[in-house]
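Peer 1: Have a look at the structure that comes next, please.
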Amino acid sequence: MNAFDSAISEWLFSLGSGGSFSWMWVLLARLVIYILIILFLIVIARYRVSIKERLFFVLFLLFQFIISWGLITQSLSYFTARIRPFSALSFEPLFYTLSHTAAFPSGHTVTMFGIAAVIFLIHKKTGLWAGALALLSALSRVISGVHWFGDIVGGTVIAIGVVYILWQLWGKDMWKKIPREEEKSM
C-alpha cells in the first residue's frame, strides 16, 4: 500500500469515527447495493419494451458479474490477500465484515459499479445517478473502516472496465440482432 492510499483512507476513516452520522455511513455501505438492483429492475421494466430486450440486459448483467466479481475480484483477492484497515490499524469499524477475507478489490464496489454501468447502457441519466449512488456507498465503506481507498478504486476500474470490454466485444453486436418494438419515451 502506498502513502497516498493510506493518507486518503485514514482521512476518510476520521469522518466516520465518533460522529453522529455513523448510522448513515453504515446504511449507505450496506443497503445501496440492494437499491441498485431494484433500480436496475425498474429501468429495464420501464425503458425496454420487449421481453428479449429485458432478458438481454439481465443476462448481460449476470455475465459481467460472473467475470468481474467471480473471476477477476476473487482471483485478485486470493493473490493480494490485502488485510482490512480495521485489522491493520487496530480500530473498531462502524460495522463488522469478515475480517479473514481480503480487502482488495472491494467486491461490493465491483458489484455496485457493474450494475450502475449496465443501467447507464440502458438509460444514461439514470445510470449517472446510479453511479453517484455507487460512489457514495463505496466511499462509505472506506469511512466505515472496512476498505482502503485503493480497494474501491480497484473495484470501480474492474467493474467499468469489464462492462466496457464486454459491450465492445459482445454486447453491441448482440444488441443489434434483437428485434425491437419502438422504445418508450425517456
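Peer 1: Which members of the stretch 146-161 meet the condition of being of a type outside the set (Val, Ile, Thr) and either in a helix (DSSP H, G or I) or surrounded by fewer than 23 Cβ atoms within 10 Å (Cβ to Cβ) (or both)?
Peer 2: Phe149, Gly150, Asp151, Gly154, Gly155, Ala159, Gly161
Peer 1: Considering only residues of the stretch 128-138 that are within 19 Å of Gln64 (Cα to Cα) and in contact (Cβ under 8 Å) with a residue 60 or more places away in the chain, which is surrounded by the fewest Cβ atoms within 10 Å (Cβ to Cβ)?
Peer 2: Among those that are within 19 Å of Gln64 (Cα to Cα) and in contact (Cβ under 8 Å) with a residue 60 or more places away in the chain, it is Ala130.
Peer 1: Could you please find all residues in the stretch 55-64 being under 17 Å from Gly161 (Cβ atoms) and surrounded by fewer than 18 Cβ atoms within 10 Å (Cβ to Cβ)? Quick ask: steps written out before the conclusion?
Peer 2: Of all residues in the stretch 55-64, those under 17 Å from Gly161 (Cβ atoms) come to 60-61, 63-64.
Hit for the stretch 55-64 is Phe63, nothing else.
Peer 1: What do you reckon, is Arg30 touching a residue at least 40 places away in the same chain (Cβ under 8 Å), in a helix (DSSP H, G or I), surrounded by fewer than 19 Cβ atoms within 10 Å (Cβ to Cβ) and of a type outside the set (Val, Ile, Thr)? Write out each step before concluding.
Peer 2: Values: touching a residue at least 40 places away in the same chain (Cβ under 8 Å): yes; in a helix (DSSP H, G or I): yes; surrounded by fewer than 19 Cβ atoms within 10 Å (Cβ to Cβ): yes; of a type outside the set (Val, Ile, Thr): yes.
In short, yes.
Peer 1: Mind listing whichever residues of the stretch 141-173 are hydroxyl-bearing (Ser, Thr, Tyr) and at pLDDT below 85? Steps first, answer last, please.
Peer 2: Here is the first cut: in the stretch 141-173, the residues hydroxyl-bearing (Ser, Thr, Tyr) are 144, 156, 164.
Residue satisfying the conditions is Ser144 alone.
Peer 1: Same structure again: Given the conditions (1) more than 14 Å from the chain's Cα centre (by Cα); (2) modelled with pLDDT of 90 or more, and given that Phe57 satisfies all but one, which numbered condition is not satisfied?
Peer 2: Here Phe57 meets the rest and fails (2).
Peer 1: Sticking with this one: Go through the stretch 113-127 and give me each residue that's of a type in the set (A, V, I, L, M) and surrounded by fewer than 24 Cβ atoms within 10 Å (Cβ to Cβ). Step through it out loud before you land on a result.
Peer 2: The first filter runs over the stretch 113-127 and keeps only residues of a type in the set (A, V, I, L, M), leaving 115-119, 121-122.
Matches in the stretch 113-127: Leu121, Ile122.
The values are calculated or read from the model by the stated rules, or taken from the named source; none is laboratory data. Here the structure is a predicted model, which is why all the values come from computation and not from measurement. No Cβ is skipped: glycine too gets one built from the backbone with ideal geometry, and neighbour counts run over all protein chains shown.
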